[in-house]
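Remarks on the structure that follows.
Please treat every number below as a calculation from the coordinates, not as lab data. These figures come from a predicted structure and were not determined experimentally. All Cβ positions, even for glycine, are placed from backbone atoms using ideal geometry, and neighbour counts span all protein chains on display.
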Amino acid sequence: MSRFDQVATEWDSSNRRQIMASDIAKAIKNTKLLHHNMHLLDFGAGTGLLTKHLTPFVTEITALDLSQSMLDQLDSNTHDWGGGKISTVHSDILEYSPNICFDGIVSSMSMHHVEDLDALFQKFYTLLRPNGFIAIADLKSEDGSFHSDGNEGVFHFGFTQKSLNVLLKEHGFKMLMFKTAHTVLKDENSHYPLFLLTALKCQSKV
């Protein structure tokens with residue numbers, strides 16, 4: 001059983017996680033990318049902390065995660081949420097092959113758990129319709145101290161804007177934007193900024 005399976009039932013009790021998800025959702029909404037006819041994919045959805053804030057603004061969200069226990073918790077939460085339809089998928093995103101393309105892919109604090117970023121951005125491109133968008137929130141580069149319970153399953157200690165811009169352009173994305181969406185304050189000396197990265201899928205790769 002993974003760490004995420006073990007903590008699923010208590011995950012939402014963290015006020016810090018609730019505030020983080022709310023701020024990231026606000027940053028996504030402020031991009032003006034969302035509209036009510038959209039079907040989004042929430043990659044690494046967990047218990048649905050981000051999904052909850054976005055579902056009133058779209059028609060449907062598919063919540064994908066590697067932890068079935070997290071998704072079970074999401075399913076138990078949805079009766080309290082208004083808005084669009086929510087479905088869950090238990091899968092590694094790199095192995096996910098739906099028969100549809102999505103209008104947008106959103107994510108909060110999941111990308112640093114994926115080792116192969118080239119494969120991830122290629123998968124994003126494949127999963128999106130033309131001009132579909134990504135809105136990905138994660139840590140700016142840090143020293144490995146963010147995860148106080150250890151770095152098992154963590155492949156990247158945050159990201160730089162420059163490295164992500166290079167990857168996205170290589171994999172067929174345009175209109176890149178990178179801005180701070182939230183800062184995690186663990187104590188007076190430990191501040192961890194989180195970025196929101198947005199980009200659009202090009203009609204075709206050059």
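Each Lys and Arg Cβ is given +1 and each Asp and Glu Cβ -1; about its Cα centre, the stretch 40-110 then shows a dipole of about 160 debye. Spatially close Lys pairs in the chain, defined by Cα atoms under 18 Å apart and a spacing of eight or more places or different chains, total 23. Ranking 91, 46, 21 by how far each Cα lies toward the positive end of the dipole of the chain (charges on Cβ) leaves 21 at the top.
For the stretch 45-101, just say rounded, prolate or oblate: build the C-alpha gyration tensor, square-root its eigenvalues into a ≥ b ≥ c, call rounded for a/c under 1.5, and beyond that prolate if a/b exceeds b/c, oblate if not. Each step should come with its number before you reach the end.
Numbers: a/c = 2.35, a/b = 1.28, b/c = 1.84.
The shape class here is oblate.
Highest mean first, the peptides 15-23, 37-45, 183-191 sorted by other C-beta atoms within 10 Å per residue fall in the order 37-45, 15-23, 183-191.
In the stretch 3-201, the alpha-carbon atoms span a convex hull of 112 Å³ per residue.
What translational diffusion coefficient, to the nearest whole µm²/s, does the stretch 1-78 have by Stokes-Einstein, given a Kirkwood radius computed over alpha-carbon pairs, a temperature of 20 °C and 1.002 mPa s viscosity? Mind showing how you got there, number by number?
On the way: Rh = 12.9 Å.
Roughly 166 µm²/s, to the nearest whole number.
Relative to its residue count, the stretch 160-203 spans a Cα convex hull of 64 Å³ per residue.
Computed about the Cα centre, the dipole magnitude for the stretch 3-201 is approximately 1040 debye when only Lys and Arg (+1) and Asp and Glu (-1) carry charge, each at its Cβ.
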